[in-house]
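Have a look at the structure below before the remarks.
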Amino acid sequence: MGVKVAKFGGTSLAGAEQFLKVRSIVSSDEERRYVVPSAPGKRHENDRKITDLLYLCHAHVQQAVPFDEVFRIIEERYANIVAGTGIDLDLAPELRNIKERIAAGASADYAASRGEYLSGIILAKLLGYDFVDPTSFIHFDSRGAFDAESTQKAAVEVLSSHERAVIPGFYGRMPDGTIKTFPRGGSDITGAIVARGVSASLYENWTDVNGFLMADPHIVKNPKPIEVVTYRELRELAYMGANVLHEESIFPVRAARIPVNIKNTNAPEDTGTLIVGDDEKAARAGSITGIAGRKDFTVIAIEKALMNTELGFGRRLLSILENNKISFEHMPTGIDTISVVISDCQLNNKLEQVLASIRSELAPDSIEVHPNMALIATVGQGMANTPGIAARLFGALANAGVNVRMIDQGSSEINIIVGVETGDFEKAVNAIYDAFVR
Ligand code: ASP
């Protein structure tokens with residue numbers, strides 16, 4: 001029998017009804033032996049996340065302002081969950097203790113972590129699973145950096161003595177015993193640590209969407225979900241702005257080659273998106289996995305006759321960027337031309353300074369600046385070694401009347417990036433989607 005670790009996000013645990021859905025999901029598969037909950041999230045758009053309210057309590061104490069009212073909202077949320085799930089649990093002593101500690105000046109990390117802690121207590125009771133506090137195996141060093149090695153060792157030891165357990169997400173402990181949280185959204189990391197610690201056959205990440213979509217639904221109407229994606233494809237899509245799991249949050253399972261399944265708590269029968277190792281996906285030749293893009297880039301295009309014979313030209317250009325603390329995204333080159341694509345947030349107001357240095361240090365024949373560029377990445381393992389992909393892509397853009405200003409294809413052949421005018425961005429994404437998917 002395999003072991004599955006199921007992590008449930010904030011919207012999956014936003015109220016009693018959601019907790020009950022989680023129970024039916026967990027109990028429908030006896031391999032789901034380890035469960036990692038987030039704190040209750042928003043029930044509707046104008047609702048508040050418990051984690052935000054807990055940070056707010058802490059901020060009140062810092063400013064010496066009473067926080068009873070905010071804390072009461074938290075108490076009510078949990079009381080409703082306990083009552084609505086019908087479990088026999090009195091959280092009052094826990095809540096009293098938490099309130100006292102926050103009032104006495106406990107850290108922001110302590111305050112924030114209590115959202116997951118209380119979710120964990122409720123869920124353990126609801127499922128009849130052991131409650132395992134993550135401070136018993138998730139370790140940070142004295143500077144606050146996550147200690148992967150000692151955590152992994154302790155996770156194996158601690159979790160092996162629990163047949164079935166609920167482990168709150170988001171936090172662990174420092175060497176002095178104080179609570180330390182991961183960055184926001186960090187319950188994903190806890191889930192991945194647990195999955196690795198129990199050598200899970202699958203890490204399920206339950207959210208409120210049916211997995212990742214092939215394109216941004218704000219741009220493409222009803223984009224299809226991605227069924228299978230590799231880590232490398234995911235990285236390309238995330239880098240280009242797709243709203244997917246943060247790659248860092250799943251590094252423990254990636255290292256252990258544990259597949260991740262993104263699932264929807266509100267539609268558990270949907271298959272969701274499966275994330276697999278880079279060599280495990282059998283992609284259909286000619287297919288793409290997804291399209292993602294970002295706006296707000298500037299291209300600096302430099303021309304100089306016989307540039308190719310001038311030793312160190314590229315290095316000097318990049319040193320100018322480095323000295324200005326600017327990192328660049330792409331560098332397409334020709335024989336006598338070289339361009340750098342820079343994100344506007346990197347460039348800030350340093351453009352004039354950079355141009356002046358390029359003029360004085362490199363003496364180019366011309367420099368052109370193209371602002372308002374958008375980059376679009378078409379990503380997919382199925383593109384590699386398949387003739388005709390570029391033709392299809394550029395044909396689609398030409399038919400849509402989109403002028404391509406820049407082209408870049410990574411050497412792994414799983415990614416073609418095109419630069420277009422910002423005004424053409426949406427049109428271009430739709431043209432590519434239609435050409436490959438519809
Ligand atoms: N509750 C935390 C947050 O809101 C962590 C998580 O949900 O993953 O960021």
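The values are calculated or read from the model by the stated rules, or taken from the named source; none is laboratory data. Computed from a prediction, not measured in an experiment: that's the story for all the values here. All Cβ positions, even for glycine, are placed from backbone atoms using ideal geometry, and neighbour counts span all protein chains on display. Heads up: the accessible areas ignore ligands, DNA and RNA and are worked out on the full protein's heavy atoms, side chains in. Shrake-Rupley method; radii C 1.70, N 1.55, O 1.52, S 1.80 Å.
Of Ala124, Ala145, Ala111, all but one fail to be under 30 Å from Val198 (Cα atoms), within 16 Å of the ligand (Cβ to nearest atom) and either in contact (Cβ under 8 Å) with a residue 60 or more places away in the chain or aliphatic (A, V, I, L, M) (or both); the exception is Ala111. Using beta carbons and a limit of 8 Å, which pairs, at least six apart or on different chains, have the first residue in region 1-24 and modelled with pLDDT under 95 and the second one assigned to a helix (DSSP H, G or I) and within 11 Å of the ligand (Cβ to nearest atom)? Between residues of region 1-24 that are modelled with pLDDT under 95 and residues that are assigned to a helix (DSSP H, G or I) and within 11 Å of the ligand (Cβ to nearest atom), there is no close pair. For region 331-365, the set of residues classified as in contact (Cβ under 8 Å) with a residue 40 or more places away in the chain and open to solvent by less than 20 Å² (accessible area, probe 1.4 Å) consists of Val340, Val341, Ile342, Ser343, Leu347, Val354, Leu355, Ile358, Leu362, listed by residue number. Somewhere in region 82-101, is a residue over 20 Å from Leu127 (Cβ atoms), surrounded by fewer than 19 Cβ atoms within 10 Å (Cβ to Cβ), touching a Gly at 6+ places or on another chain (Cβ under 9 Å) and at pLDDT 95 or above? Within region 82-101 (the criterion being over 20 Å from Leu127 (Cβ atoms), surrounded by fewer than 19 Cβ atoms within 10 Å (Cβ to Cβ), touching a Gly at 6+ places or on another chain (Cβ under 9 Å) and at pLDDT 95 or above), the answer is no, since none of the residues qualifies. For Glu100, are the conditions met, namely being closer than 27 Å to Gln18 by Cα, part of a helix (DSSP H, G or I) and without any contact (Cβ under 8 Å) to a residue 60 or more places away in the chain? Criteria not met by Glu100. Annotation: of all residues in region 404-425 being aliphatic (A, V, I, L, M) and in a strand (DSSP E or B), the one that is nearest to Ile389 (Cα to Cα) is Ile416. Screening Ile288 with (1) in contact with a Gly (Cβ under 7 Å, 6 or more places away or on another chain); (2) without any contact (Cβ under 8 Å) to a residue 40 or more places away in the chain; (3) within 19 Å of Val429 (Cβ to Cβ) gives one miss only, at (2). Being within 24 Å of His246 (Cα to Cα), more than 16 Å from the ligand (Cβ to nearest atom), within 18 Å of the chain's Cα centre (by Cα) and in contact (Cβ under 8 Å) with a residue 24 or more places away in the chain is the requirement here; does Asp208 meet it? No. Against the criterion of being in contact with a strand residue (DSSP E or B) (Cβ under 8 Å, 6 or more places away or on another chain) and surrounded by fewer than 24 Cβ atoms within 10 Å (Cβ to Cβ), Phe146 qualifies. Does region 366-383 hold any residues that are farther than 23 Å from Met307 by Cβ and open to solvent by less than 30 Å² (accessible area, probe 1.4 Å), and which are they? Scanning region 366-383 gives Ala374, Leu375, Ile376, Ala377, Thr378, Val379, Gly380, Gly382, Met383. For region 48-63, give me the residue count where each residue is in a loop (DSSP other than H, G, I, E, B) and within 13 Å of the ligand (Cβ to nearest atom). The number of residues fulfilling the criteria is 2. Taken over region 391-412, the residue count meeting the criterion of being surrounded by 15 or more Cβ atoms within 10 Å (Cβ to Cβ) and farther than 19 Å from Ile342 by Cβ is 8.
Applying the set (1) more than 24 Å from the chain's Cα centre (by Cα); (2) in a loop (DSSP other than H, G, I, E, B) to Asp278 leaves exactly one unmet item: (1). Of the residues making up region 163-177, those that are open to solvent by less than 40 Å² (accessible area, probe 1.4 Å) and within 28 Å of Ser12 (Cα to Cα) are Ala165, Val166, Ile167, Pro168, Gly169, Phe170, Tyr171, Gly172.
Val35 meets all of the listed conditions (1) hydrophobic (A, V, I, L, M, F, W, C); (2) closer than 17 Å to Asp130 by Cα; (3) away from the ligand (no atom under 16 Å from the Cβ) but one, namely (3).
When Arg294, Arg284 are checked against the criterion of being open to solvent by 20 Å² or more (accessible area, probe 1.4 Å), not in a loop (DSSP other than H, G, I, E, B) and not acidic (Asp, Glu), a single residue qualifies: Arg294. The one condition from (1) assigned to a helix (DSSP H, G or I); (2) farther than 19 Å from Ser187 by Cα; (3) open to solvent by 30 Å² or more (accessible area, probe 1.4 Å) that Leu126 does not meet is (3). Just a yes or no: is a residue in region 162-174 more than 16 Å from the ligand (Cβ to nearest atom) and either part of a helix (DSSP H, G or I) or among the aliphatic types (A, V, I, L, M) (or both)? Yes.
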